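The values are calculated or read from the model by the stated rules, or taken from the named source; none is laboratory data. Because the structure is predicted, anything quoted here is derived from the model rather than measured. No Cβ is skipped: glycine too gets one built from the backbone with ideal geometry, and neighbour counts run over all protein chains shown. Note: accessible area is taken over every heavy atom of the protein model, side chains too, but ligands, DNA and RNA are not part of it. Shrake-Rupley method; radii C 1.70, N 1.55, O 1.52, S 1.80 Å.
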Amino acid sequence: MNKLTVGSSAEKKIKEGVRLLGSKDYPDLNKDNQLVYLYSRSNTFLGTAYLSKQNKGIGWLIADQEIKLDRDFFETLFQRSKGKRKNLAKSDTTTAYRLFNQEGDSFGGLSIDRYGDFALFTWYNTFVYSIKEIIIEAFQQIYPEFVGAYEKVRFPQAGHQSAHLYGKEAPAYFDVLENGVSYSVFLNDGLMTGIFLDQRYVRDRLVNGLALGKRLLNLFSYTAAFSVAAAMGGAVSTTSVDLARRSKELSYRHFQANQLDMSSHQLVVMDVFDYLKYAKRHDLSYEIVVIDPPSFARNKKQTFSVLKDYHRLIHQVLDILSPDGMIIASANTSNMPVSQFKKELEKGFGSHKHTYIDLQQLPNDFAVNEKDESSNYLKVFTIKV
Ligand code: SAH
């Protein structure tokens, strides 16, 4: 077995409980795609890790002791992750959620979601991908209830983003439930599925009273899942704005899945900043505005970054918010701590009076590493203005 001696900064992070091996801490590393035993400079054993470059980091610490990556190892992991989600598994009203979440379930680089009777594996690097057969076998042993499975591949080398893995094939589109609301999903088209499961808590709240009797504007709406949740929760109207043309058809599918009449629900294909100007010019106003931008976006005219430009969104939204309105401000970034997000929001509010109602983060099926703030990447403030 390969032994890897780590520097003092890496050793400190490991001892603090961080599981991601950051590239800065391993500058001269010439190994990739293998299991290694980590040792400190003073030769104390630190844990078992695997090396594999991915979007963030160069590998993951996966155990405090020496381990072998065999089927038994994964069966034990899956048994534990299944135990944590017993309540969700019993639910008749929620049939889509995360079954296994990376380092929060003790194995970074892998996530598995439930979409009704199907499982969806996401491989984040070439190493997990290379051992996928044993992972799938172990999974089938612990979760025989799934009739079929698909994969998403989040690194370029595999040459594809999506594929069928085993068992039955799912229909091109099918409905799943979340808190009693239907969503139309698809498992075999690019990296998306039609819904971001990590926003469940926010949708729950919109279904269960927050949106009742309100006019809601949903910015960066993708498939308009927040709007559908609000509509099912009694919103009098919703307006969903996204620049991607395809989002309109997919949004319509979610509404249709719930037999919602579209007469008070509008799907707008437009740049959010243009829409905000348009709405101001036409004296439109909303009682709830949801803002959920991508962490980074570029269009013909400008770039947008959550880290630097969020305040502009708040500033412009204030112009079209009804008195006593509410903003739901979401940021999906692991490299921006909660405190920094709040600062950015404050910059947008300026001297406008506002009250933070609360901060919602990842739902409990998206298990996080409590010792590493960056693993709880989702931050959603509900703010009364
Ligand atoms: N709120 C959505 C997820 C948003 S994903 C949900 O809950 O499902 C980010 C979306 O922002 C993408 O659909 C993308 O098309 C859209 N987008 C990016 N830049 C945009 C812009 N300038 N104006 C409008 N939409 C934009």
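For K353, list the lysines whose Cα falls under 18 Å from its own Cα; do not include residues on the same chain fewer than 8 positions away.
K342, K343, K384
With charges set only on the Cβ (+1 for Lys and Arg, -1 for Asp and Glu), what does the dipole of the chain come to about its Cα centre, in debye to the nearest 20?
For the chain, the charge dipole is close to 900 debye.
Grab every C-alpha pair in the stretch 71-172, bin the distances at 10 angstrom width from 0 up to the longest one, and report whole percents.
Histogram of Cα-Cα distances, whole percents per bin: 15, 51, 31, 3.
As a check on your grasp of the helix formula, calculate [θ] at 222 nm for the chain: sum -39500 (n - 2.57) over DSSP H runs of n ≥ 4, divide by the residue count, round to the nearest 500.
Result for the chain, helices only: -8000 deg cm²/dmol.
Magnitude of the Cβ-charge dipole of the stretch 2-63, K/R +1 and D/E -1, about the Cα centre, nearest 20 debye?
That gives a dipole near 80 debye.
Between K24 and A158, 0.36 nm times their residue separation minus their Cα-Cα distance comes to what?
Once the chain is fully extended between K24 and A158, it gains 45.7 nm.
One quarter of the convex hull surface, Cα atoms only: what value does that give for the chain in nm²?
If I average the Cα hull's projected area over directions, I get 19.8 nm².
Over 31 Å between Cα atoms: which of K15/K56; K214/K301; K53/K347 fall into that group?
From K15/K56; K214/K301; K53/K347, over 31 Å: K214/K301; K53/K347.
Please give the helix 246-257 orientation as an angle from the longest Cα principal axis of the chain, in degrees from 0 to 90, rounded to the nearest 10.
Taking Cα atoms only, the helix is inclined about 80 degrees.
Give me a comma-separated list of calculated 3J(HN,Hα) values for the stretch 281-296, in order, Karplus coefficients 6.51, -1.76, 1.60 applied at θ = phi - 60°, integers in Hz, x for any Gly or Pro.
Working through the residues one at a time gives 4, 9, 6, 7, 8, 9, 8, 10, 10, 9, 10, 9, x, x, 5, 8 Hz.
Work out, step by step, the length gained on full extension between R298 and A244: first 0.36 nm times the residue separation, then minus their alpha carbon distance; give nm to one decimal.
Gain on extension, R298 to A244, equals 18.2 nm.
Say each of K308 and S339 gets a label point 7 Å from the Cα, pointing the same way as Cα to Cβ; how far apart are those two points in nm?
Distance between label points: 2.3 nm.
Pick from V176, V185, V36: which residue has the top mean-square fluctuation in a GNM of the chain where Cα pairs under 10 Å get a spring?
Result for the chain, Cα springs under 10 Å: V36 fluctuates most.
By how many nm would the segment from S322 to S374 grow when fully extended, if each residue of separation counts as 0.36 nm and the alpha-carbon distance is taken off?
Stretched out fully, the S322 to S374 stretch lengthens by 15.3 nm.
For an R0 of 41 angstrom, estimate the FRET efficiency from the Cβ-Cβ distance between N208 and D274 and round to the nearest 0.05.
After rounding to 0.05, the efficiency reads 0.80.
Name the residue farthest towards the positive end of the dipole of the chain from the options F45, S221, L318, assuming +1 on Cβ of Lys and Arg, -1 on Cβ of Asp and Glu, about the Cα centre.
Sorting the options by dipole projection puts first L318.
Express as a percent, rounded to the nearest 5, the fraction of DSSP beta bridges in the chain (both residues included) that run antiparallel.
Percentage antiparallel, nearest 5: 60.
GNM, the chain, Cα, under 10 Å: largest mean-square fluctuation among Y39, Y50, Y183?
Ranking Y39, Y50, Y183 by mean-square fluctuation puts Y39 first.
Nearest 20 debye, what's the magnitude of the dipole of the stretch 71-172 about its Cα centre given +1 on Lys and Arg Cβ and -1 on Asp and Glu Cβ?
Roughly 280 debye, rounded to the nearest 20.
When all alpha-carbon pairs of the stretch 2-63 are counted, what percent fall beyond 18 Å?
So the portion of pairs separated by more than 18 Å is 20 percent.
Local charge sum around K347 (other residues, Cβ-Cβ under 15 Å, Lys/Arg +1, Asp/Glu -1)?
Neighbour charge sum, excluding K347 itself: +1.
I'd like the distance separating the alpha-carbon centroids of the stretch 244-266 and the stretch 1-36, in whole Å.
Between the Cα centres of the stretch 244-266 and the stretch 1-36 lies a distance of 47 Å.
Could you work out how far helix 338-349 tilts from the main Cα principal axis of the chain, as a 0 to 90 degree angle to the nearest 10?
20
Based on the mean of other beta carbon atoms within 10 Å per residue, what is the order of 80-89, 242-251, most packed first?
242-251, 80-89
Output the 0 to 90 degree angle, nearest 10, between the alpha-carbon long axis of helix 132-142 and the longest principal axis computed from the alpha carbons of the chain.
Long axis of 132-142 versus the principal axis of the chain: about 80 degrees.
Residue by residue through the stretch 35-51, which ³J(HN,Hα) values in whole Hz follow from phi under the Karplus form 6.51 cos²θ - 1.76 cosθ + 1.60 (θ = phi - 60°), with glycine and proline marked x?
For the stretch 35-51, the Karplus curve yields 7, 9, 9, 8, 10, 7, 4, 8, 6, 8, 6, 10, x, 9, 9, 10, 9 Hz.
Out of all DSSP beta bridges with both ends in the stretch 2-63, state the antiparallel percent to the nearest 5.
Percent antiparallel among DSSP bridges in the stretch 2-63 is about 75.
Taking the chain as a Gaussian network, where each spring joins two C-alpha atoms under 10 Å apart, which residue of S184, S339, S374 fluctuates the most?
So, out of S184, S339, S374, the one fluctuating most is S339.
Taking only protein heavy atoms into account and a 1.4 Å probe, give the accessible area per residue of the chain in Å².
Heavy-atom SASA per residue in the chain reads 45 Å².
Residues with amide H under 5 Å of Q266's amide H, sequence separation 5 or more or different chain, H placed in the peptide plane at 1.01 Å from N; which?
T238, T239, S240
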